[in-house]
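A short worksheet on the structure shown next.
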Amino acid sequence: MGWNEFLTLWCGVFGAMALLGFGRSLAGVTRGQRMVRVMGRIERVREPRHDGSLSDGIPVVVSFRDPSTGQEFTVTNDGDCGDLVTTAWTGREIGVRYPPGRPHAFKFADDLQDGRRGLGWPSFAVFLVYVGLVVLAAIDWGWPWALLGVGGPLAVAIACALPRDARHRRRHLDRLASVAPVQGRVIAVVKNVQTNEDGDTFVSRSPVVAFTTHEGTAVLAYCDSGLLDPANSRGRDVTIHYAPDDPGVFTPDLAAERRTRRTDLTCSVVVLLVAVAAVVVGAVMV
Amino acid sequence: MTIVTSAPPTHSTPVALARTFLAGGVSGTTLAALVVGVVVESVPLFVTGLVLPVVYGLLRFLAGRPRRAREAAVAPRTALAMIESLKAVGGDTGDIPVKFDLTVAPDDASAYRVEFRQNINLVDLPDYRPGGILVVRYPPDQPWRVKIVKRPTPEWEDRAAAAHLDSAPGQATVSEPPEGGAFDLVALLGLLLGAAAVVLLFRVELFEQETTAAPSSSSTTSVSSTSSSTVESALSGTVSLGPGQSFLDDGELRRAVNSLTAGKDPLQAITVVVQERLLSVVFSPAGVPAPQFDPLSLPYERLPALVKEARTTLGVHAPQTWQITADGLTGSLTIKVGVTGAEGTASLEADGQGQVVRRTPAR
């Protein structure tokens with residue numbers, strides 16, 4: 001079997017899988033579409049233990065109501081239960097999803113709409129078909145087609161996303177600076193310890209900050225960035241800038257947030273320029 | 001206290017046995033297909049060996065979906081438990097595996113003992129002490145699959161704080177039912193049958209391959225027939241005769257040597273060895289200064305007479321084996337005929353023309 005036949009088979013198989021997936025989505029029978037999605041409420045928040053497991057999340061007690069039976073359930077984030085709870089305060093709404101009739105198999109979800117149409121795998125199959133077509137074109141018509149095939153969509157995607165991201169980040173910074181900061185404190189540092197086959201140990205740490213908003217909401221949250229020497233930050237007082245409409249959006253270092261915004265923007269522009277250059281070179285060489 | 005016995009084995013059924021047999025069969029077929037595919041150089045067979053376990057796994061996954069869905073639909077049961085003993089069994093950082101022995105006290109059933117392992121974070125380990133009360137969760141139909149609930153709901157937390165449990169006796173231990181020896185036997189049977197099926201299907205190619213297999217050198221060729229077989233490599237050649245034949249038969253030796261040298265550049269031999277049904281010639285490598293001779297120059301027509309002379313005149317009355325060795329190690333071509341019998345070994349030596357020059361009777 002030559003490369004052409006293999007790539008044709010590749011595109012055919014993944015194309016068929018994509019069609020099947022889109023068909024199932026249209027018929028409304030994908031797993032994501034059948035999932036029950038409800039909003040739960042955090043009833044109780046506890047402080048995580050210092051040096052405890054990072055992957056356990058902030059201990060919370062959540063209640064939600066099953067819409068089909070009307071029954072109220074009270075659960076905790078014990079073990080594998082979906083997205084990690086990294087920001088919590090009493091009264092916060094949190095997404096909960098579960099297969100129909102099985103509320104005990106609940107998972108927490110940061111974004112309740114995520115995966116609602118069940119198009120993740122079909123879209124990935126389309127991407128693989130596209131990769132196959134680009135490789136096929138590069139083999140049959142020459143490598144410049146690979147530059148066009150990769151650079152073209154990448155340039156379009158970044159060009160479309162860049163203004164939106166820029167607006168989003170500007171709004172994000174405006175929200176953080178819209179109210180006076182509050183004092184917070186690092187109450188614990190949680191960590192994950194992993195050991196590879198050679199016996200090398202890798203430790204990832206995340207400080208946990210506690211702060212109370214001007215509205216009186218007591219927030220506990222992982223703080224992955226903006227703190228120097230996070231491993232030894234327990235007990236440190238920090239100044240928290242937060243978004244008044246969502247205390248989960250916060251930073252202990254507004255200046256660093258601005259620098260990050262500029263760096264991200266620069267990176268996006270560089271990638272856009274590289275993609276455009278690839279398209280130009282490809283078009284000239286074809 | 002009622003003793004809780006192990007749940008009846010859920011997989012000691014004919015269906016489970018059939019599934020085990022099928023798994024063994026697929027394993028045997030896969031292994032045999034891969035090996036036989038390489039031996040007989042059959043790409044489709046080799047690919048079958050690769051694809052078969054994948055297809056079987058996929059089918060098994062699909063077939064198991066209803067069962068998994070049924071199991072998942074059953075809500076796990078929550079209960080209080082008391083730690084009888086615990087022991088960390090490895091690791092010293094992060095989550096470490098801990099072996100627990102618990103008494104589990106379900107609300108609607110008798111208490112039972114269970115042993116299991118669970119990873120516990122090092123900083124949480126002091127919370128677990130013998131006699132401590134925990135909240136656990138398990139599937140109702142598999143009470144041995146206990147998991148500690150590290151973060152119970154407030155209701156269960158309050159119950160655990162106020163609870164006092166009695167230890168269940170050791171006889172009340174619940175554990176996963178063992179599969180038993182029948183499953184091992186059935187799996188082995190499936191494995192053997194699967195492998196045998198592939199070997200039987202490809203027996204013709206396999207046995208052809210074996211008969212004509214090259215011994216070591218990549219430049220070796222081989223020919224087979226019902227009466228004799230010839231194996232040749234760059235530096236040696238061997239001719240074997242079938243049953244009922246002998247190299248002492250008229251013209252047989254000359255034919256055999258001709259078959260080894262035919263169609264090639266003139267070859268020099270280092271040694272020629274002849275037995276009743278086996279002829280071996282070791283050829284001289286090109287450019288190597290070794291005592292050598294033209295194998296075609298040997299007086300093959302004289303050799304049967306020399307063997308007969310050695311068998312009858314050297315004191316070996318009932319010779320069992322004989323061997324002719326021709327070489328030029330002494331500087332000139334020497335033919336040595338040795339016979340072995342009850343009396344021992346005797347030999348005679350002849351020159352390149354087949355004239356006897358020395359006799360060594362049996363001692």
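Quick notes on this one:
- Sites matching trypsin sites (Lys or Arg not before Pro) across the range A:46-82 that sit in DSSP coil, with at most 14 neighbouring C-beta atoms within 10 Å: A:ARG46
- The phi-based Karplus calculation (6.51 cos²θ - 1.76 cosθ + 1.60; θ = phi - 60°) puts the 3J(HN,Hα) values of the range B:158-167 at 5, 4, 5, 5, 9, 7, 9, 10, 8, 5 Hz, whole numbers, x for Gly and Pro.
- Antiparallel beta bridges, as assigned by DSSP with both residues in the protein assembly as shown, represent about 95 percent of the total such bridges.
- Take A:171-177, B:24-30, A:87-93 and order them by the average number of nearby Cβ atoms within 10 Å per residue, most first; the result is B:24-30, A:87-93, A:171-177.
- The shape of the range A:1-148 can be summarised by an equivalent ellipsoid whose semi-axes, obtained from the alpha carbon gyration tensor, come to 43, 20, 11 Å from longest to shortest.
- Taking θ as phi - 60° and the Karplus parameters 6.51, -1.76 and 1.60, the scalar couplings of the range A:195-200 work out to 10, 8, 5, 7, x, 6 Hz in sequence order, x denoting glycine and proline.
- Around the amide H of A:VAL238, modelled in the peptide plane, lie the amide H atoms of A:GLY184, A:ARG185, A:VAL186, all under 5 Å away and 5 or more residues distant in sequence or on another chain.
- Entry note, chain A: relative contact order of 19 percent, from Cα contacts under 8 Å with a spacing of 6+ residues.
- P(r) of chain B over all Cα-Cα pairs, binned every 10 Å from zero, in whole percent: 5, 15, 15, 12, 10, 9, 8, 10, 10, 6, 1, 0
- Around the amide H of B:GLY132, modelled in the peptide plane, lie the amide H atoms of B:ILE83, all under 5 Å away and 5 or more residues distant in sequence or on another chain.
- Ranked from largest, the principal axis spans of the Cα set of chain A equal 64, 50, 46 Å.
- The orientation-averaged projected area of the convex hull spanned by the Cα atoms of the range A:158-241 comes to 8.4 nm².
- Alpha-carbon Rg/Rh ratio, for the protein assembly as shown, with Rh computed the Kirkwood way: 1.19
- Once the gyration tensor of the Cα atoms in the range A:192-234 is diagonalised, the equivalent ellipsoid follows with semi-axes of 31, 10, 6 Å, ordered largest first.
- Relative to the longest principal axis of the Cα atoms of chain B, the long axis of helix B:181-201 lies at roughly 40 degrees.
- Cross-link pairs A:LYS191/B:LYS87; A:LYS191/B:LYS99; B:LYS87/B:LYS147 - those with Cα-Cα distance over 20 Å: A:LYS191/B:LYS87; A:LYS191/B:LYS99
- Estimated D of the range A:1-69 in µm² per second, where Rh is the Kirkwood radius over Cα pairs and Stokes-Einstein applies at 25 °C, 0.890 mPa s: 144
- Label-reachable residues, the range A:176-191, where backbone N falls under 13 Å from a point 7 Å from A:LEU254's Cα toward its Cβ: A:176-183
- The residues neighbouring A:GLY115, those whose beta-carbon lies less than 10 Å from its own, together hold a net charge of +3 under the Lys/Arg +1, Asp/Glu -1 convention.
- Karplus-derived 3J(HN,Hα) values for the range A:110-115, using 6.51 cos²θ - 1.76 cosθ + 1.60 with θ = phi - 60°, are 5, 10, 5, 7, 4, x Hz; glycine and proline are entered as x.
- Computed P(r) (all Cα pairs; the range A:31-109; 10 Å bins; percent): 19, 52, 24, 5, 0
- Pairwise label distance in nanometres, B:GLU343 with A:ARG65, each label 7 Å out on the Cα-Cβ vector: 11.6
- Total formal charge among the other residues, if their Cβ is under 9 angstrom from that of B:LEU241, Lys/Arg +1 and Asp/Glu -1: -2
- With K and R counted +1 and D and E -1, the other residues having a Cβ less than 10 Å from that of A:ALA243 yield a net charge of -1.
- Test item: B:144-154 mean partner chain Cβ contacts at 10 Å: 4
- The gain in end-to-end length when the B:GLU71 to B:GLU205 segment is fully stretched comes to 43.4 nm, 0.36 nm per residue minus the alpha carbon separation.
- Share of alpha-carbon pairs per 5 Å distance bin for the range B:74-172, given as whole %: 2, 14, 24, 26, 20, 10, 3, 0
- Cα centroid separation - the range B:54-97 against the range A:223-286, whole Å: 40
- Residues in the range B:93-107 reached by a label modelled at B:LEU125 [backbone nitrogen below 15 Å; 7 Å Cα→Cβ]: B:93-100
- Considering helices alone, the calculated mean residue ellipticity of the protein assembly as shown at 222 nm is -12000 deg cm²/dmol, with DSSP H runs of length four and up weighted by -39500 (n - 2.57) and normalised per residue.
- Here's the list of lysines a cross-link from B:LYS308 could span, going by alpha-carbon distance under 17 Å and ignoring same-chain residues fewer than 8 apart: B:LYS336.
Every number in this text was worked out from the coordinates using simple rules, so none of it is lab data. This structure is a prediction, so every number in the text was calculated from the model and none was measured. Neighbour counts run over all protein chains shown; Cβ positions are idealised from the backbone, glycine included.
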